[in-house]
Amino acid sequence: QVRLVESGGGLVQPGGSLRLSCTASGVRLGEYGISWYRQAPGKQREWVATVRSGGTINYADSVKGRFTISRDSAKNTVNLQMNSLKLDDTAVYYCNGLAGQWAWGQGTQVTVSS
């Protein structure tokens, strides 16, 4: 059974930074493409970034140039470094496979507020 756990969220001012981590049990994240998603209040969940098993990385236009996705295979984690945060980045952030094929974790809340 795959269990995903997101962490690293918090309250930050506009322009600040946070580093999110996605850890997993029951699966070796390095063998799969892993994506970060987010869901803002009253909105549908949206895709943020992907790192594929072969290393290809893609970002949503809204975060390109500000967010960086990376793997730490030794720790079985996928990280999301978020810089230059904006008010619109406020959301609960989740990780999952490319197809959302595993049970969703609880997510980690990111709040950008002055």
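So which trypsin sites (Lys or Arg not before Pro) in segment 58-110 end up in coil per DSSP with only 10 or fewer other C-beta atoms within 10 Å?
Numbers: sites: Lys64, Arg66, Arg71, Lys75, Lys86; in loops: Lys64, Arg66, Lys86.
In loop regions of segment 58-110 (DSSP not H, G, I, E or B), the sparsely surrounded trypsin sites (Lys or Arg not before Pro) are Lys64.
So which trypsin sites (Lys or Arg not before Pro) in segment 1-43 are both in a DSSP loop and have at most 15 other Cβ atoms within 10 Å of their Cβ? Don't skip to the answer; put the middle values down first.
On the way: sites: Arg3, Arg19, Arg28, Arg38, Lys43; in loops: Arg28, Lys43.
Filter output for segment 1-43: Arg28, Lys43.
If you stretched the chain out fully between Ser7 and Arg52, how much longer would it get, using 0.36 nm times the residue separation minus the C-alpha to C-alpha distance? Before the final figure, lay out the partial values.
Values: separation 45, 0.36 × 45 = 16.20 nm, distance 2.08 nm.
Here the segment from Ser7 to Arg52 would lengthen by 14.1 nm.
Which whole-number percent of Cα pairs in the chain have a distance greater than 16 Å? Mind showing how you got there, number by number?
Working: 3507 of 6441 pairs.
Here the long-distance tail beyond 16 Å is 54 percent of all Cα pairs in the chain.
How far, in nm, would the chain grow between Gln109 and Arg19 when pulled straight, counting 0.36 nm per residue and subtracting the alpha carbon separation? Display every interim value, and only then the final one.
On the way: separation 90, 0.36 × 90 = 32.40 nm, distance 1.19 nm.
Length gained between Gln109 and Arg19: 31.2 nm.
Check which residues have an amide H placed less than 5 Å from Gly107's amide H, if you skip close sequence neighbours.
Glu6
Read-outs: derived from the displayed coordinates by stated rules, not from any lab. All values derive from a computational prediction rather than experimental measurement. Counting neighbours? That spans all protein chains shown, and the Cβs are built from the backbone with ideal geometry, glycine included.
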